[in-house]
């Protein structure tokens with residue numbers, strides 16, 4: 001039984017807390033820290049279960065000192081670095097919600113702190129723990145498909161307008177207090193697509209492919225500072241080229257589409273749970289994952305890894321290429337390109353206001369088929385990003401052009 005504490009009680013944290021309570025044979029929750037201004041369902045759930053709720057992280061850490069062994073951090077992106085640092089220094093292992101941290105310098109600092117404190121960080125990219133991704137990775141590492149040459153990935157989701165107003169950091173590049181966030185498709189809801197692509201692009205066990213050059217295009221239709229739509233190309237050190245297109249402004253949902261072109265096979269990975277492999281000799285292999293809740297499987301895995309003292313499947317250092325790509329994309333694009341209203345649809349769906357990009361799904365599907373960035377398709381609102389060299393990149397931001405507005 002693993003004694004843990006948690007930071008965060010509402011929103012996504014509430015759903016994660018429910019999962020933790022369902023795994024009561026693996027976890028004992030010794031305390032939680034929640035924002036006293038947001039005492040809602042998660043707060044009530046913890047009180048019902050008799051779990052002490054604290055207003056500050058320091059008060060919680062003092063209460064559980066010497067008893068808790070690990071902490072779950074379920075809070076916003078802007079807080080990940082500070083909370084992880086404080087919890088490592090308090091002697092706790094850290095189970096950190098994705099994405100790990102906004103900037104590469106923060107990630108490198110925490111990686112060094114892990115070694116200094118003798119404690120570890122596991123990052124909660126749940127699909128990187130899934131059986132289907134792990135099976136594909138093992139077969140790629142084995143050399144069964146030959147070298148991975150290209151990966152094309154896309155996801156088209158929809159978020160209502162009020163989604164971008166739910167917290168002070170949502171849709172932000174930086175908070176009012178100066179903390180980096182880099183919120184958006186790349187570094188929040190659709191970060192799973194990019195992290196999976198980087199993981200499967202590498203034939204090295206338990207590694208993501210390392211970016212050599214990143215070219216990014218970041219766009220927005222909502223009244224936010226950061227991006228709600230992105231188009232990114234990554235040239236990796238191993239020669240693989242990844243093209244990733246994503247949006248939160250789609251009328252129809254495309255949950256996840258990924259094509260992995262290898263020397264001897266083509267792998268199609270869809271919806272995070274389905275894979276089809278077509279070999280050059282005509283053979284096919286197809287299966288569907290039966291993981292009803294990948295997050296539950298992830299939470300089981302980190303508990304077992306801790307108890308058995310084995311490596312975590314997604315350690316902090318493994319995520320360095322992911323953070324490099326996010327930072328490179330923001331440097332490449334500069335502050336986001338605002339898409340003019342002529343290319344935007346305002347509507348109401350399920351009683352909530354939505355802002356959509358006109359014809360975005362067919363545009364993305366064409367870009368996906370042709371492994372193109374939006375700026376390579378004669379789309380009137382698209383603007384090319386500056387290629388960023390990532391070798392020896394160690395600090396964000398680098399050269400970031402000024403924000404562009406399309407009239």
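The values are calculated or read from the model by the stated rules, or taken from the named source; none is laboratory data. Model, not experiment: these values are computed from the prediction. Cβ atoms come from the backbone with ideal geometry, glycine included; neighbour counts cover every protein chain shown.
When segment 127-140 is examined, which residues are found to be over 18 Å from residue 323 (Cβ atoms) and under 16 Å from the mean Cα position of the chain (by Cα)?
The first filter runs over segment 127-140 and keeps only residues over 18 Å from residue 323 (Cβ atoms), leaving 129-140.
Answer for segment 127-140, where residues must be over 18 Å from residue 323 (Cβ atoms) and under 16 Å from the mean Cα position of the chain (by Cα): 129, 130, 133.
Taking segment 239-265, which residues are more than 30 Å from residue 345 (Cβ to Cβ) and surrounded by fewer than 16 Cβ atoms within 10 Å (Cβ to Cβ)? 239, 263, 264 - these are the residues of segment 239-265 that are more than 30 Å from residue 345 (Cβ to Cβ) and surrounded by fewer than 16 Cβ atoms within 10 Å (Cβ to Cβ).
The rows are residues; the columns are (1) touching a helix residue (DSSP H, G or I) at 6+ places or on another chain (Cβ under 8 Å); (2) in a helix (DSSP H, G or I); (3) surrounded by fewer than 21 Cβ atoms within 10 Å (Cβ to Cβ); (4) without any contact (Cβ under 8 Å) to a residue 40 or more places away in the chain.
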{"residue": "281", "(1), (2), (3), (4)": "no, no, yes, yes"}
{"residue": "291", "(1), (2), (3), (4)": "yes, no, yes, no"}
{"residue": "296", "(1), (2), (3), (4)": "yes, yes, yes, no"}
{"residue": "321", "(1), (2), (3), (4)": "yes, yes, no, no"}
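Filtering segment 370-394 to residues that are free of Cβ contacts under 8 Å to residues at least 24 places away in the same chain and outside any loop (DSSP other than H, G, I, E, B) leaves 370, 376.
For segment 371-393, the tally of residues that are under 26 Å from the mean Cα position of the chain (by Cα) and surrounded by fewer than 12 Cβ atoms within 10 Å (Cβ to Cβ) stands at 2.
Would you kindly identify the strands (runs of 3 or more DSSP E) lying entirely within segment 40-125 that contain at least 3 residues that are farther than 22 Å from residue 312 by Cα and touching a helix residue (DSSP H, G or I) at 6+ places or on another chain (Cβ under 6 Å)?
Numbers: elements: 70-73, 93-97, 121-124.
Counting at least 3 such residues, we get no strands (runs of 3 or more DSSP E) at all.
Looking at 32, 57, just one residue is farther than 25 Å from residue 293 by Cβ and surrounded by 13 or more Cβ atoms within 10 Å (Cβ to Cβ), and that residue is 57.
Just to check your reading of the model, which residue among 336, 355, 348 is touching a helix residue (DSSP H, G or I) at 6+ places or on another chain (Cβ under 8 Å), in the same structural domain as residue 150 (by TED's automatic domain parsing) and on the phi < 0 side of the Ramachandran plot? Write out each step before concluding.
Values: 336 fails: touching a helix residue (DSSP H, G or I) at 6+ places or on another chain (Cβ under 8 Å); 348 fails: touching a helix residue (DSSP H, G or I) at 6+ places or on another chain (Cβ under 8 Å).
Step by step, each of 336, 355, 348 is checked, and only 355 is touching a helix residue (DSSP H, G or I) at 6+ places or on another chain (Cβ under 8 Å), in the same structural domain as residue 150 (by TED's automatic domain parsing) and on the phi < 0 side of the Ramachandran plot.
Evaluated against (1) in a helix (DSSP H, G or I); (2) touching a strand residue (DSSP E or B) at 6+ places or on another chain (Cβ under 9 Å); (3) surrounded by fewer than 23 Cβ atoms within 10 Å (Cβ to Cβ), residue 137 falls short on exactly one condition, (2). When each of 318, 298, 258 is tested for being under 15 Å from residue 95 (Cβ atoms), in contact with a strand residue (DSSP E or B) (Cβ under 7 Å, 6 or more places away or on another chain) and at pLDDT 95 or above, the lone residue that passes is 298. Yes or no: segment 80-93 includes at least one residue that is over 28 Å from the mean Cα position of the chain (by Cα) and touching a residue at least 40 places away in the same chain (Cβ under 8 Å). No, segment 80-93 contains no residue that is over 28 Å from the mean Cα position of the chain (by Cα) and touching a residue at least 40 places away in the same chain (Cβ under 8 Å).
Residues in segment 309-318 include none that are in a helix (DSSP H, G or I), out of contact with any helix residue (DSSP H, G or I) (no Cβ under 9 Å at 6 or more places or on another chain) and not assigned by TED's automatic domain parsing to the domain that holds residue 144.
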